[in-house]
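Everything on this sheet refers to the single structure shown next.
The values are calculated or read from the model by the stated rules, or taken from the named source; none is laboratory data. Note that the structure is a prediction, hence the values are computed from the model and not measured. For neighbour counting, all protein chains shown are included, and Cβ atoms are generated from backbone atoms with ideal geometry for every residue, glycine included. With ligands, DNA and RNA removed, areas are computed over all heavy atoms of the protein, side chains included. Shrake-Rupley method; radii C 1.70, N 1.55, O 1.52, S 1.80 Å.
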Amino acid sequence: MAHETTSEATSKTTSETMRATAGAMSDERALAILQALADGADPASGAAFPAGSPYQQPDTVRALFHAIRALEAALSRAEHKPRSIRGNAGKPWSSEEDASLAADFDAGQPLDALAAAHGRSRFAIEARLAKLGKVPMPAGVRAGGAPRAGERLPQYAARS
């Protein structure tokens, strides 16, 4: 049976504590701590680290700034995310939902309103309307029987 040294036990306890609390820290708090470290200051006390500190080493400072930029970019992407995951994304369409979609489309509802009402993306609404024969199939979608973008729908072909 191997015996742990005091430093090994302390390291293990610190690692376990860090794992247990890792999810509890906000991104903003993590960013503030990284910024303090990159600026050469103790995040808890604000005191400057001594010149020989690992936090004053050029590679450490570069790594901290790299981490700061990555976290800022992730936060920026999260703030500017154009859409959220839709509630029905990936779920099969029921015949009732198809009938409701077709009726709402025929009543003149805009595509964005249909997407919100059905909990699906605008593209999913367009693809489903194409499958129902209401609009041409969006470019890049392969579905049997639906006309492609630029093709005339059979019910409108005679009107031209």
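Screening the stretch 1-113 for helices (runs of 4 or more DSSP H) wholly inside it with 2 or more residues that are under 30 Å from Phe123 (Cβ atoms), open to solvent by 90 Å² or more (accessible area, probe 1.4 Å) and modelled with pLDDT under 85 returns the ranges 58-79. No other residue among Ser76, Ser95 is closer than 24 Å to Asp27 by Cα and free of Cβ contacts under 8 Å to residues at least 12 places away in the same chain apart from Ser76. I'd like to know if the stretch 117-130 contains one or more residues that are part of a loop (DSSP other than H, G, I, E, B), in contact with a helix residue (DSSP H, G or I) (Cβ under 7 Å, 6 or more places away or on another chain), at pLDDT 85 or above and surrounded by 15 or more Cβ atoms within 10 Å (Cβ to Cβ). The answer is yes, given that some residue of the stretch 117-130 is part of a loop (DSSP other than H, G, I, E, B), in contact with a helix residue (DSSP H, G or I) (Cβ under 7 Å, 6 or more places away or on another chain), at pLDDT 85 or above and surrounded by 15 or more Cβ atoms within 10 Å (Cβ to Cβ). For beta carbons closer than 6 Å, sequence separation of 6+ or different chains, a first residue in the stretch 39-60 that is among the aromatic types (Phe, Trp, Tyr) and a second that is open to solvent by less than 90 Å² (accessible area, probe 1.4 Å) and in a helix (DSSP H, G or I), the qualifying pairs are Phe49/Tyr55; Phe49/Gln56; Tyr55/Leu37. Kindly check whether there is at least one residue in the stretch 133-140 that is modelled with pLDDT under 90, out of contact with any His (no Cβ under 8 Å at 6 or more places or on another chain), open to solvent by 50 Å² or more (accessible area, probe 1.4 Å) and not in a loop (DSSP other than H, G, I, E, B). Scanning the stretch 133-140 turns up no residue that is modelled with pLDDT under 90, out of contact with any His (no Cβ under 8 Å at 6 or more places or on another chain), open to solvent by 50 Å² or more (accessible area, probe 1.4 Å) and not in a loop (DSSP other than H, G, I, E, B).
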